[in-house]
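So the structure is just underneath, and the comments pick up after that.
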Amino acid sequence: RCGSSVWTAGMAELARRGGGRRESGAFLLGDEDALGVRNIRRFVFYDDLESDCLSSGAVVFEGHGYGPLWKECRCSNLRVIADVHTHPYLPYQSHLDRRHPMIALAGHVALIVPEFALGNSGPKDLGIYEYIGAHKWHDRTRSGFFELKTVSK
């Protein structure tokens, strides 16, 4: 679940950072309620953690940004709920996406936004993938397993 203002601002910032010509991305920080619903509270953009990670056109996150990410999680009392990044066309995982999960723990969710987030990308437009380990993923895009809801707050 994500507040509509957080989602809209996050999508606009992904679009701005990618400039319609390169991928951009973010870790989605939040918490989990007593029912197990993941609540996204904020975006932490990849290039704020590693300034050069978008320079090739695709996301290349070397890893030195994880220290600042974990510090941000501790300071805000939030955790990584998922990651999100943009693709130029359709929201399908690339070979690189499958081989290089941003968080390599079973249950981690990766969201892919089409058209560099330049369109009005809502939850129904996303690719949704759950990591199961050993570079294997479940495509949850149309399964109903994971549904991102934008709600007013």
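Here is how the numbers come out for the structure above:
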{"item": "Fraction of beta bridges assigned by DSSP in the range 14-139 that are antiparallel (%, nearest 5)", "result": "80"}
{"item": "Within-13-Å neighbourhood charge of Ala26 [Cβ basis; K, R +1; D, E -1]", "result": "-3"}
{"item": "Candidate residues Asp48, Asp83, Asp33: accessible-area rank, largest first, probe 1.4 Å", "result": "Asp48, Asp33, Asp83"}
{"item": "Sequence ranges 66-76, 101-111, ranked by mean other-Cβ count within 10 angstrom, highest first", "result": "101-111, 66-76"}
{"item": "Using alpha carbons only: equivalent-ellipsoid semi-axes of the chain, gyration tensor based, whole Å", "result": "20, 18, 17"}
{"item": "Net charge over other residues, Cβ less than 15 angstrom from the Cβ of Asp47 (K, R count +1; D, E count -1)", "result": "-4"}
{"item": "FRET efficiency estimate (nearest 0.05) - Cβ-Cβ, Glu62 to His95, R0 22 angstrom", "result": "0.70"}
{"item": "Part-to-part distance (alpha-carbon centres) for the range 13-44 and the range 113-138, which is given in Å", "result": "12"}
{"item": "Neighbourhood charge, 9 Å Cβ-Cβ cut-off, centred on Ala110 and excluding it, Lys, Arg +1 and Asp, Glu -1", "result": "-3"}
{"item": "Efficiency of FRET between Thr8 and Leu35 - r from beta-carbon atoms, R0 35 angstrom, step 0.05", "result": "0.90"}
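The values are calculated or read from the model by the stated rules, or taken from the named source; none is laboratory data. The shown structure was predicted, so the numbers you read here are calculated from the model rather than taken from an experiment. All Cβ positions, glycine included, derive from the backbone under ideal geometry; neighbour counts span all protein chains shown. All accessible areas refer to the heavy atoms of the entire protein, side chains included, with ligands and DNA or RNA removed. Shrake-Rupley method; radii C 1.70, N 1.55, O 1.52, S 1.80 Å.
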